Amino acid sequence: MTIAAVIREKGRNVVSVSPEAPIAEIASIIASRRIGAVVVLADHGGLVGIVSERDVVKALARHGARVLELTASDLMTRQVTTITMRTTIDQATEIMDAGYFRHLPVMEDGQLAGIVSIRDLVKHRITLHQRDLEALKAATGRGKG
């Protein structure tokens, strides 16, 4: 199973900010949208970074209230690990585990096509297991009243 299946279920919507976005705005977006990261896009739409809630918390611990003077460009991870629609769910999980990432932008033909979180991958696996279990019950006649 590939990331394309996860993106089909969750959609291609990606919350993004500009490099100049203030950290206060990013924290507000993350909190109000209940997401763990925002991608940072250049004016031309190219991916230039990612800012996670973990990045904001680390910056707060390091800079205190001065963190509010910073921007996405100051905190973002610039060397963003990305995946494609053809990446398998197992490969994406391994990448996340090895790099201690919780979010991976998905690229397609050089353009941002979506983002997946570890939660998205777990949710997808659970859904697949539930479908398999229901199919097995139906095939063995155990799914009936």
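Here are the numbers:
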| item | result |
| --- | --- |
| The one condition in (1) surrounded by 15 or more Cβ atoms within 10 Å (Cβ to Cβ); (2) of a type in the set (Gly, Ala, Ser); (3) under 13 Å from VAL17 (Cα atoms) that GLY36 fails to fulfil | (3) |
| Single match in THR84, THR77, THR71, THR93 (criterion: closer than 19 Å to ARG12 by Cβ and among the polar types (S, T, N, Q)) | THR84 |
| Filter result (closer than 18 Å to ILE30 by Cα and surrounded by fewer than 16 Cβ atoms within 10 Å (Cβ to Cβ)) within the range 43-59 | ARG54, VAL57, LYS58 |
| Single residue of the range 96-121 satisfying the filter (part of a loop (DSSP other than H, G, I, E, B) and under 18 Å from LYS10 (Cβ atoms)) that is nearest to the chain's Cα centre (by Cα) | ARG102 |
| Condition met for ALA31 (part of a helix (DSSP H, G or I) and closer than 20 Å to ILE118 by Cβ) | yes |
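One line per residue, one yes/no per condition, for (1) out of contact with any helix residue (DSSP H, G or I) (no Cβ under 9 Å at 6 or more places or on another chain); (2) among the polar types (S, T, N, Q); (3) without any contact (Cβ under 8 Å) to a residue 60 or more places away in the chain:
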residue	(1), (2), (3)
ARG8	yes, no, yes
ALA21	no, no, yes
ILE30	no, no, yes
GLY49	no, no, yes
SER52	no, yes, yes
LYS58	no, no, yes
HIS63	no, no, yes
ARG86	no, no, no
MET96	no, no, yes
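Since every read-out is calculated from the coordinates, none of them should be taken as a lab result. Not measured: the values here are computed from a predicted model. Backbone-built Cβ (ideal geometry, glycine too); neighbour counts: all protein chains shown.
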